[in-house]
Ligand SMILES: *[C@@H]1O[C@H](CO)[C@@H](O)[C@H](O)[C@H]1NC(C)=O
Ligand SMILES: *[C@@H]1O[C@H](CO)[C@@H](O)[C@H](O)[C@H]1NC(C)=O
Ligand SMILES: *[C@@H]1O[C@H](CO)[C@@H](O)[C@H](O)[C@H]1NC(C)=O
């Protein structure tokens, strides 16, 4: 299973090698820690491109550009220090090569961050040099020969294995561990800390020293003495002695939202500012440390569980915010159980991080949104690696059985179908990637082909110039969607009702065009694959409207006490 995360974790952050291992061993499956040579190659090409373009934009030397890049990086997580360490080791070679007009592909092959294995194609992002590749590479090798270069001779997996980086890697791991002092993963899934699967991912804990206190539970003794479910409503009305939780929430049918999803559900996002030389400044990397400790996901702004105001200025709100607006008793009852690279198959490895007690907690709306990775992988021979409808059926039924034994009665499960990803190629292939905008030399078609060549594409099937392959991928996606539809129509479970909803990206595109937008504006610019914040919020809005129309019981009633809750409890303690 290729996780798109792998590719882009290393990419803009090639300079920040320890961060590859920062996948936080506590919370992440270990397979993430190993990176193929392909990821290192992508990372190198990206960073060298940025250095080259910074020099161009500021009319500076390569040395100046490298120093500029490091100076922009924050001190946090030793980002700046690591950057300086790396230019100290590789800087002089990069200077020599770029000064001799070699491009990033040549630089990275010369330094052996990219390798062409025997019998394998040559992978390159930029158009090939006019003179023969072999000749160019030989010339480049001559240029750096005199300096004893420290070749990238790690296992090809973790750049922390480079001796000069071992120490800093250790420091970063320690810094991260110390930043979550009270986190005890086994006993308490809720946190007072935002990142590392904290409250960016599920409702903030309101009493970290009491395990029986967490968002989504049925109130303990109507929360007379403390806010046992963290919804900000507790205590007793002095006027009549009635507990507020009873007065405002009893019979309001509170419920939470739980997403079982992939990188789209977690809102994977690499800021274009991190790789666009012409816009780069001291402010560009402010959000980087947080993003890194959130696995480059932004669940706090996602379509299902986002709770922050959108950064893109559209009126649509996440499912969670709409549930809260409908019934303020639902405050903080959200869980984003999504992982980069998640599929019907590997969901079983992390579904246990879902927190719901059949008796103690309120019912939940669970959205099952494995929208891509069952057909998306980076393999050269990608079709045989896709999930078959039979296997898919089996996987999904396993998940449903698990849910039936963990969700309170009266819950709801909504399947999201898979999209038809052909819009990616159709709308992006001849547009310039952020790296290619300055010199008009990298299109998405080139990026896709580079990633496919290295076998690190998040989705070879759709991110491909091969129309037959794209069509095959869409056909498989449709078969899998039909499998979900069939299960939803046939199967019955005691603790939840089951629904199917089409993943109607074409409807979002139409709506966006009606507002004067272009389809490509709905896709993450750096990875050329994920739906962006606008698309995610529009999709969430669509889902809400359809559910409200067809199955209003899923969403529950509007709570008539919302205004009083606001009057007594203000913002209910925030998020
Ligand atoms: C760039 O810098 C060089 C050397 O400092 C100078 O000769 C040249 O005029 C500069 N070009 C621009 C466009 O500023
Ligand atoms: C948190 O829980 C502990 C243990 O139950 C309790 O003593 C304390 O008062 C609680 N704190 C708040 C702010 O409710
Ligand atoms: C396109 O993809 C199909 C299906 O995988 C494959 O059979 C065919 O050889 C590919 N065509 C080219 C030109 O690679």
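Relative to the first principal axis of the alpha-carbon coordinates of the chain, what is the inclination of helix 467-490, with its axis defined by its Cα atoms, in degrees from 0 to 90 and to the nearest 10?
It works out to around 20 degrees.
If packing is taken as the average count of other Cβ atoms within 10 Å, what order do 225-238, 399-412, 257-270, 483-496 fall into, highest mean first?
Details: 225-238: 20.4, 399-412: 18.0, 257-270: 27.4, 483-496: 15.1.
Listed from highest to lowest mean packing, they are 257-270, 225-238, 399-412, 483-496.
Report the gain in length on full extension from residue 281 to residue 479: 0.36 nm times residue separation, minus Cα-Cα distance, nm rounded to one decimal.
66.6 nm
Provide, in order from the shortest bin, the percent of all Cα-Cα pairs of the range 398-514 in each 5 Å bin, continuing until the bin that contains the maximum pair distance.
2, 10, 14, 15, 14, 13, 11, 9, 7, 4, 1, 0
I'd like to compare 245-254, 305-314, 102-111: which one has the highest average count of other Cβ atoms within 10 Å, and what's the full order after that?
Going by the mean number of other Cβ atoms within 10 Å, highest first, we get 102-111, 245-254, 305-314.
Give me the number: length gained by fully extending residue 314 to residue 138, i.e. 0.36 nm times residue separation minus the C-alpha to C-alpha distance, one decimal in nm.
58.1 nm
If I model a spin label as a point 7 Å beyond the Cα along the Cα-Cβ vector, how far apart are those points for residue 63 and residue 210 in nm?
Once both label points are built, they end up 6.3 nm from each other.
Packing-wise, with mean Cβ within 10 Å as the measure, how do 349-355, 211-217, 534-540 rank, highest first?
Order by mean packing, descending: 534-540, 211-217, 349-355.
If I model a spin label as a point 7 Å beyond the Cα along the Cα-Cβ vector, how far apart are those points for residue 131 and residue 549 in nm?
6.4 nm
Under the definition of Cα pairs under 8 Å and six or more residues apart, what whole-number percent is the relative contact order of the range 433-575?
Value for the range 433-575: 13 percent.
Take the Cα pairs of the chain, get the Kirkwood Rh, then feed it into Stokes-Einstein at 25 °C and 0.890 mPa s and tell me D in µm²/s.
Value of D from the Cα-based Kirkwood radius: 98 µm²/s.
Would any residue of the range 329-346 have its amide N under 20 Å from a label point 7 Å out along Cα→Cβ of residue 397? List them or say none.
Once the point is set 7 Å along Cα→Cβ of residue 397, 343-346 turn out to lie under 20 Å by backbone N, inside the range 329-346.
Could you calculate the contour length gain from residue 506 to residue 239, that is, 0.36 nm times the residue separation minus the distance between their Cα atoms, to one decimal place in nm?
90.7 nm
Taking 7 Å along the Cα-to-C-beta vector as the label spot, tell me the residue 494-residue 358 distance in nanometres, rounded to one decimal.
Taking the two extended label points, one gets 0.6 nm.
Here, each number is a calculation from the coordinates, and none is a lab measurement. Nothing here was measured: the structure is a model prediction, and the numbers come from that model. Glycine gets a Cβ as well: all are built from the backbone with ideal geometry, and neighbour counts include every protein chain shown.
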